[in-house]
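Note sheet for the following structure.
Readers should treat all values here as calculations from the given coordinates under stated rules, not as data from a laboratory. Note that the structure is predicted; figures quoted are calculated from it, not measured. In this analysis, Cβ positions are derived from the backbone assuming ideal geometry, glycine residues included, and neighbour counts consider all displayed protein chains.
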Amino acid sequence: MTKTARKEYICINCQKSSRTLYTKYSEGVIRLTECDNCDNIVDKYIEYDIVLLAIDLMLQYIEAYRHLLNNLEIKRPARLFVIFWFSNAYETWIGERMATNRDNIYDLEWMFYKSVLSSALQMIAYISIVIIFETIYSRAKPDFKRFKHLVYSTLLGFYGNVAVVLSIVFRLSDQKSYQIVFSFFLFISHLQVQRVLFPLCSILDNMIVTVIAEIVSRFVKTWFETVSKELPIF
């Protein structure tokens, strides 16, 4: 009989800590751990397929976010972050292309490079606001482990950027309704991540931080677009 013992887990229902997620009795036979506080299964998503987890994430179930950010160890997360980063950059590139009506291949190439850099700056700005909030909230600088967790979790909140695939397939980038729904989905995703990172804060406080981070991110995007227009390379 073996038990999971990687780190301190949390119950996705009441957020109390748990030493294990399940007990393995033999190959293919496990027993999910029950929470000592709420008597529910600590993490039901242990037995869920990744597709079902993705569906619950898209439905914005907070329990799915708690599983993803606290109880699931993602191997090579950098690959996911690169996908989210370039998806966001592509969305920005499409918007600028439609706004400028440029068709020259060299102009489009430079626009994409600019969009990649702009996307990176937006993400850095967003993460910076979360780090600042952590410093103010805890009244101390986060240690490396907490800092890493904050950065990784916040970056995972950008997973909605992969919806750019749908915009390509169905040609939705120029549709105002798509842009509104897409922005709202990203905002709710970031809010859910914020709630998981700061469970003791009220929803209103987490919402305020999310709004501020979004405003700062958009300001950085606008600033970069203004500055880049003055540079001959762009």
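Remark: the chain carries a charge dipole of roughly 560 debye about the Cα centre, counting +1 on each Lys and Arg Cβ and -1 on each Asp and Glu Cβ. Of the trypsin sites (Lys or Arg not before Pro) found in region 1-73, those in coil by DSSP whose Cβ has at most 16 other Cβ atoms within 10 Å are Arg6, Lys7, Lys16, Arg19. Exposure proxy shown here: for Leu191, Leu204, Leu172, Leu166, the number of other Cβ atoms within 10 Å sets the order, fewest to most, as Leu204, Leu166, Leu172, Leu191.
Given Cβ point charges of +1 (Lys, Arg) and -1 (Asp, Glu) and nothing else, what value in debye, to the nearest 20, does the dipole of region 2-71 about its Cα centre take?
About 300 debye.
Helix 105-138 and the long axis of the chain differ in direction by around 40°, with both axes built from C-alpha atoms.
How would region 111-203 be classified by its alpha-carbon gyration tensor: rounded, prolate or oblate, with rounded meaning a/c under 1.5 and the a/b versus b/c comparison settling the rest? Judged from the Cα gyration tensor, region 111-203 comes out prolate (a/c at least 1.5, a/b above b/c). In the chain, the calculated helix contribution to ellipticity at 222 nm averages -20500 deg cm²/dmol per residue, counting -39,500 (n - 2.57) for every DSSP H run with n ≥ 4. Using the Cα coordinates of the chain, the gyration tensor eigenvalues translate into equivalent-ellipsoid semi-axes of 37, 20, 15 Å, sorted from longest to shortest.
The angle between the Cα long axis of helix 203-229 and the main principal axis of the chain comes to about 30°, on a 0 to 90 degree scale. The angle between the Cα long axis of helix 176-197 and the main principal axis of the chain comes to about 40°, on a 0 to 90 degree scale. For the chain, taking a cut-off of 4.7 Å between Cβ atoms, the unpaired cysteines are Cys201. Ranked from largest, the principal axis spans of the Cα set of region 2-71 equal 33, 27, 20 Å.
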